[in-house]
1. Can you name the number of the only condition in (1) farther than 23 Å from residue 224 by Cα; (2) free of Cβ contacts under 8 Å to residues at least 12 places away in the same chain; (3) part of a helix (DSSP H, G or I) that residue 199 fails?
2. Tell me yes or no: at least one residue of segment 30-41 is within 25 Å of residue 210 (Cβ to Cβ), in a loop (DSSP other than H, G, I, E, B) and in contact with a helix residue (DSSP H, G or I) (Cβ under 8 Å, 6 or more places away or on another chain).
3. Kindly indicate which of 24, 53 is at pLDDT below 95, surrounded by fewer than 23 Cβ atoms within 10 Å (Cβ to Cβ), out of contact with any helix residue (DSSP H, G or I) (no Cβ under 6 Å at 6 or more places or on another chain) and closer than 21 Å to residue 209 by Cα.
4. Which of (1) surrounded by 22 or more Cβ atoms within 10 Å (Cβ to Cβ); (2) in a helix (DSSP H, G or I) does residue 76 not meet, given it meets every other one?
5. If the requirement is being part of a helix (DSSP H, G or I) and either within 18 Å of the chain's Cα centre (by Cα) or surrounded by 24 or more Cβ atoms within 10 Å (Cβ to Cβ) (or both), which of these qualifies: 69, 62?
6. Looking at residue 215 and the list (1) touching a residue at least 60 places away in the same chain (Cβ under 8 Å); (2) under 15 Å from residue 2 (Cα atoms), which single condition is not satisfied?
7. Test residue 143 against the criterion of being in a loop (DSSP other than H, G, I, E, B), farther than 16 Å from residue 76 by Cα and over 20 Å from the mean Cα position of the chain (by Cα), and give yes or no.
8. Spot the failing condition for residue 69; the list is (1) more than 30 Å from residue 271 (Cβ to Cβ); (2) touching a helix residue (DSSP H, G or I) at 6+ places or on another chain (Cβ under 6 Å); (3) at pLDDT 95 or above, and only one is missed.
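The values are calculated or read from the model by the stated rules, or taken from the named source; none is laboratory data. Note that this is a predicted model, so its numbers are computed, not measured. Note that each Cβ is placed from the backbone with ideal geometry, even for glycine, and that neighbours are counted across all protein chains shown.
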């Protein structure tokens, strides 16, 4: 279990540095299509095995449409995230994106009947918001950061929160591997249909950047999610969320080593506050689960 958690955390922690590197050579819409189509194919065999273990006829038209909707939300989110990575430092984008559980909490309050706000969640929200302010430092932007880039990352975090809420409604019926692989592939196909009208490339430049594309697609998107779900199966969702505690710490390390980014005082404060907010939310989940 802990090997799965550690592997997933390291892989997810390297994501922004890899996306930053790839984004200098590959179109952001194109790389999003490739990473989720290939990543979905990596997870698909596990999804097929899971699907075959379900009762016949369980998959209704409503569930297929739900997974298509999930896929569209996910690839839209990740296009914005790629734009956010390209418009800011990789470490900044990574930590801003890690605020997505707060958005999940807010959206669950609005969209569900049994996950309403309470005192602990309100404290987590306030703490996470302070962490965002320190990470973004709008009064004096760090070199490499732009306001539009950070706003794209924030929008991506909000949309990933929506993805989490929508996915949580159906994952118990469909299964994590099935839902993830089908939503990834279907969302990628929808994005593929939009690339020509948008004047975006599909395969141009792929051969010249095949190594980084395969790493982002097969290792980060496919392998990272696969290890995460294996960690969930070996333990539970609450325990596996340790991965998202580690990511805000690991991602800046990759950014410093691979991209030579600087980690400033405000980032340390922002990371600490966002970790505190995540801990409050995770502690609340543990307590309500017991």
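1. (3)
2. Scanning segment 30-41, I find no residue that is within 25 Å of residue 210 (Cβ to Cβ), in a loop (DSSP other than H, G, I, E, B) and in contact with a helix residue (DSSP H, G or I) (Cβ under 8 Å, 6 or more places away or on another chain), so the answer is no.
3. Checking each option against the conditions leaves just 24.
4. (1)
5. Just one listed residue meets the conditions, 69.
6. Among (1) touching a residue at least 60 places away in the same chain (Cβ under 8 Å); (2) under 15 Å from residue 2 (Cα atoms), the lone unmet condition for residue 215 is (2).
7. Taking the combined requirement at face value, the residue satisfies it.
8. Of (1) more than 30 Å from residue 271 (Cβ to Cβ); (2) touching a helix residue (DSSP H, G or I) at 6+ places or on another chain (Cβ under 6 Å); (3) at pLDDT 95 or above, only one is false for residue 69: (2).
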